[in-house]
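Below you'll find the structure, written out as C-alpha cells, and then a few comments.
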Amino acid sequence: MRWREVLIAAVTLGLIQTRAQAQPGPFEGHRVVRVTPRTASDLLAVSSIATNIWSCEIGLGPLDVQVTPEQQAALESLGMSCELRVPNVQSLVDAEAAQIREAHLDRDAQWFSTYRNFTEINAKLDQLAAASGGLASTFLVGNTLEGRQVRGIRFTGPDRPGNPRNSRPAALFAGGIHAREWISPMTAMYLADRMLERYAIEPRISSLLDGVEIIVIPVQNADGYVYTWASPVNRNWRKNRRTNGNGTFGVDLNRNFGYQWGGLGAGTNPGDDTYRGIGPFSEPETQIFRDFVVANPRIRTHVDLHSYGQYLLTPWGYTGAPSPDALLFDRVTDEMATAIRGVHGKTYVNGQTYTLLYPAAGGSHDWTYGDRNIFGMTAELRDTGQFGFFLPASQIIPTAEEWFEAALIFANAAQAPLLLSTPDAELSQLRDGETANVRLLTRPGTTTVAASQPVLRWRIGSSGPFSSTPMTGGAPWTAPLSGPSCSGVIEWFFEAPGADGSVTRLPATAPDSVFRTTPFGSFDVFFDDMETDRGWTVGATDDDATSGQWQRADPVGTIAQPESDFSLTGTRCWVTGAAGGAPDANDIDGGRTTLTSPVIDARPPRGFIAQNSRVFCQVWFSTNTGSNPNADAMLVELSSDAGNTWTQASVVTQNVGTWWTYQLRIEDFRAPTDRMRFRFRPRDASGDSTVEAAIDDFALILDGCRTGDFTGDGGIDGDDVIAFFTAWDAGVIDADYTGDRSVDGDDAILFFSLWDLGR
Ligand code: 0X9
Ligand code: ZN
C-alpha cells in the first residue's frame, strides 16, 4: 500500500515544514478523484498519469487516484470522468501533522490542569526520568527537618564526542522555598516536562541540552509545602516547620542563607514571616541545598522560583549597592522580560531585589552569587496581586509557558563562553568628530578572556567591512569610538575572544544586530534670558487687551503667575501684568496682548550642517483659575519674513501652574531664513477669567553637525583652514565647534580632526 508510506513520509515532511514555517507542502493542490477505467489501456493510462493510486485493488472499475490538476485534465481528455473525493491532499497531511503535534504538546496538559501535592510531584519526577530515554535521572538533595526527602531531577543530552554529559555546565532551577507559592513547583515541573518532551523536536531545546545540564528541584521546603496542603487554614504558610520553642513555628528559608545573614529585611522574632532563624544555615533545608550546590561546582546559573508580583530580581538583596554584574543582570533579565511579554503579553519588571522590591538579607541568590559566584536570581511569577498565592489553576500553564521562554535565556547563560555587558549601549548620538570611550564588561563563563583581548568592531555606514580597535584595561575594557559624519551612522559591536578559542559578541547576534551611533551637534543661534532688552516688542494691530499687557519684569507670584523667573541667574522674564495682588487683579483682561521677538538670523554658522531648527523656551500659562476657567488660550506664531506674514504654530492651553519647556520645530511650518520672528499671543476672550502668561530663556537652536568644510564650498581644503583660523582668531562664534559658547583651543582641535577626516 504505497499511499500509506507516502502519507507517513508526508506527515514527517509536514512536521518539518510546520517548524520551518511557510513553504507549500509537497501535495499542495493535489486532489484525490475517483475514476472508472473501462479498458486495459484506460488502466495503463491511469497508472502512468496519476501521482499515485490510493485504492488497494487495482483493476477495471472504480479507482481512487491522487492527481495534480494537470494530471486530472489529462485523464479527462482521454474521456475518463473524475469524481472529486479529496480537494486538497496537503490539507489532510497538514491537519494530521498538526494533530500529532498538538497531542504531543498536550500530553501533560492534564497534569498541569491543577495544582499537585508533594506525592504527585514526586511521582511525576519518577515518571519523567523513566520516560526520558536515559536523559534524566532523579536525585536526593537531602532530608528536611521532619524527615521528608527533597528531590530533584537532572537532565542533559546524550554524550557527544569531546562533550561528555558529565563535563557540562549546569543551570539550576529551584522552586517551593516558600510553601504557599504553589505556582512555583508547578512551573519548575513544567520546565522539566517540556524540555524532556521536546528535546528531540525543538532545536533550541536540543542546542541548550547538548551544552547544559538542567537541574530542577521543585519543592525545597517540602515540610512547609505538605503543611499547606494538609488543611485549608494552613494554605497561607510560608516558612519551614521548625518549632521555635516559644510557641511559634518556622524559619523563612529565604532569610536563612549564609551570605550577609541577619542583615536588613530579615525578621529577628521567631514569629515573623521573614524570621531568619538562629544562625546562618541553621535549617536542614538550606543546609542540604548549600551542600548540594557546593558538591556540584558545574552549576553556573541559579533561579529561585517564587510568587507573586511578576518580577525578575537580581542580587543584591542585602544591600542597595549594585553588584559587580549589575549591568549584565539587567541585560539578561531585560531579554527575559521581553521574551515573557511575547508569550501572553505579561509584563515582568526586572531589577535589583533590594531597590526594586525590598531589602531581604539571607536570601538564596545572594548566597549563590555572593558565595559561589553563580549567576543567581529570583523570579516572582504571576500574578500582580489579583489572586496572589491563590492563582487560579487555569493560569498554571500560561504562567509556566511564559516562564519557559525566560528560562531558556537564563539557562543558556550557563553555557556562554563569556558574559558581556556594556554601559554604552545607549550611546546613540555622538558629536561629529568627537571621540567617546566605549566600555565592555566581561564575566567569565565557561572560559576566560583570551590573551589577545576584546576588540571594538566598527564601520561608517551600514555596509562594508568592520574595522577593529583593540580594547584595553579590563575592568572595564575600553576603546575609542569616533563620531560619525553628519549624514552618516556608525555601527559597532564588541567581540571577545575566549581562552578556549571561542568568540562572544555583544550584541550576541552581531553583526546582524549592532549598536548604532548617529551624529549630533547643536548650535544656539539666539539665546535670551530676558534680563536685558534684546528687542522684543509688545503690541499688534489687533491687540485689544485692556489690561495685563506683556512687560519685561520680575513677576510677583499669585496662584496664576510665577513668583520667580526661570533663569538660573537673573530675575526677569516677559510676563502679562507683573504685579501680584489678587490673582485676577493684574491678569489679561478684555482681549489679546502680543509679544514679538526681534528678527533672528536662523541660518547655520559656517562649518555647520543643520538638520533641524528648534525654538526652545520656558513658558508659563495659566487659565484654570478664577471664574470661567479653561476657556482661553495663547497662540504661538512664527514669521520668516520679519513679521510681514505669520503662521500659527501652536495653541497653548496647558495649565500646569509651573514653568514648562515649549519646543517647536521651525521646518514644520516654514523654511528657516535670516528674518525669523516669533510671537506669543495670550488672550482673555471670555469676560472675567484669570489669564496669565510668561516667557523666559528663549533659544533658537540648530541641530546638526560640524564639518571641516568651513567655507561651505563643498570641498575640504586649505581655504577652510584659512577661513576657520581667521574666524577663530577673531573669536567669531562660528568657530565655536564644540558648542560651549566660547572660542578656544578645543574648537581648533575639533575643526582639525574633522578637516583631517575629510568630513
Ligand atoms: O521575600 C522574599 O523572600 C521573596 N519574595 S516573596 O514574596 N516570594 O516572599 C523575594 C526574595 C528575593 N531574593 C533574595 N533576597 N534572595
Ligand atoms: Zn517567595
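What's the Kirkwood radius of the chain in Å, using all Cα pairs? Intermediate values should be presented prior to the final figure.
On the way: mean 1/r = 0.0305 Å⁻¹.
Final number for the Kirkwood radius of the chain is 32.8 Å.
Among beta bridges from DSSP that stay inside the chain, the antiparallel ones total about 80%.
Semi-axis lengths, largest first, of the ellipsoid equivalent to the stretch 147-261 are 35, 16, 10 Å, with √(5λ) applied to each eigenvalue of the Cα gyration tensor. Long hydrophobic helices in the chain: none of the complete DSSP H runs spans 15 Å or more by Cα along its own axis with mean Kyte-Doolittle hydropathy of at least 1.0.
Residue separation of Ser91 and Ser513 scaled by 0.36 nm, minus their Cα-Cα distance, works out to 148.2 nm of gained length. Apolar share of the accessible surface for the chain: 52 percent from carbon plus sulfur atoms, 1.4 Å probe.
Rank these by accessible area, largest first, 1.4 Å probe: Phe155, Phe27.
My answer, sorted largest first, is Phe27, Phe155.
Shape class of the stretch 390-478 from the alpha-carbon gyration tensor: prolate, with a/c at 1.5 or above and a/b greater than b/c. Can you grab the distance from the C-alpha centre of the stretch 583-641 to the C-alpha centre of the stretch 336-356, Å, no decimals? For the stretch 583-641 versus the stretch 336-356, the Cα centre distance is 43 Å. Amide hydrogen proximity for Val489: with H placed 1.01 Å from N in the peptide plane, the residues at 5 or more positions away or on another chain lying under 5 Å are Gly461. Computed about the Cα centre, the dipole magnitude for the stretch 251-387 is approximately 280 debye when only Lys and Arg (+1) and Asp and Glu (-1) carry charge, each at its Cβ. Placing a pseudo-label 7 Å from each Cα along the Cα-to-Cβ vector at Val503 and Leu60 gives an inter-label distance of 7.2 nm. The label-point distance for Phe725 and Ser113, in a model that sets each label 7 Å from Cα toward Cβ, rounds to 8.7 nm. Of the residues Ser307, Trp574, Thr156, the one whose Cα sits farthest towards the positive end of the charge dipole of the chain is Thr156 (charges of +1 on Lys and Arg Cβ, -1 on Asp and Glu Cβ, taken about the Cα centre).
Placing unit charges on each Cβ (+1 for Lys and Arg, -1 for Asp and Glu) gives the stretch 176-234 a dipole about its Cα centre, and among Val219, Leu209, Trp229 the Cα reaching farthest toward its positive end belongs to Trp229.
Projecting the Cα atoms of Gly539, Thr653, Ser428 onto the charge dipole of the chain (Cβ charges, centred on the Cα centre) puts Ser428 farthest toward the positive pole.
By how many nm would the segment from Leu568 to Asp524 lengthen if fully extended, with 0.36 nm per residue of separation less the alpha-carbon distance?
Roughly 14.1 nm would be gained on extension.
When the helices of the chain are scored as -39500 (n - 2.57) per DSSP H run of n ≥ 4 and the total is divided over every residue, the value at 222 nm lands at -7500 deg cm²/dmol.
Sequence-ordered 3J(HN,Hα) estimates for the stretch 501-514 from the Karplus curve with 6.51, -1.76 and 1.60 and θ = phi - 60° stand at x, 6, 10, 10, 10, 9, x, 4, 9, 4, x, 5, 10, 9 Hz, glycine and proline given as x.
Can you tell me how much longer the chain between Ala642 and Ile201 gets when fully stretched, taken as 0.36 nm per residue apart minus their C-alpha distance, in nm with one decimal? All intermediate terms of the calculation are to be shown ahead of the outcome.
Working: separation 441, 0.36 × 441 = 158.76 nm, distance 7.20 nm.
In short, 151.6 nm is gained.
With a 1.4 Å probe and every protein chain left in place, work out the accessible area per residue of the chain in Å², rounded to a whole number.
On the way: 31630 Å² over 759 residues.
I get 42 Å² per residue for the chain.
Each residue of the stretch 354-359 was assigned a 3J(HN,Hα) from its phi angle through the Karplus expression (A = 6.51, B = -1.76, C = 1.60, θ = phi - 60°), giving 4, 8, 7, 9, 5, x Hz with x at Gly and Pro. Modelled spin labels at Arg665 and Val343, positioned 7 Å past Cα toward Cβ, are 4.0 nm from each other.
The values are calculated or read from the model by the stated rules, or taken from the named source; none is laboratory data. Values in this document were obtained by computation on a predicted structure and should not be read as measured data. A quick note on method: Cβ atoms are made from the backbone with ideal geometry, for glycine too, and the neighbour counts reach across all protein chains shown. Surface accessibility is based on the protein's heavy atoms, side chains included, excluding ligands, DNA and RNA. Shrake-Rupley method; radii C 1.70, N 1.55, O 1.52, S 1.80 Å.
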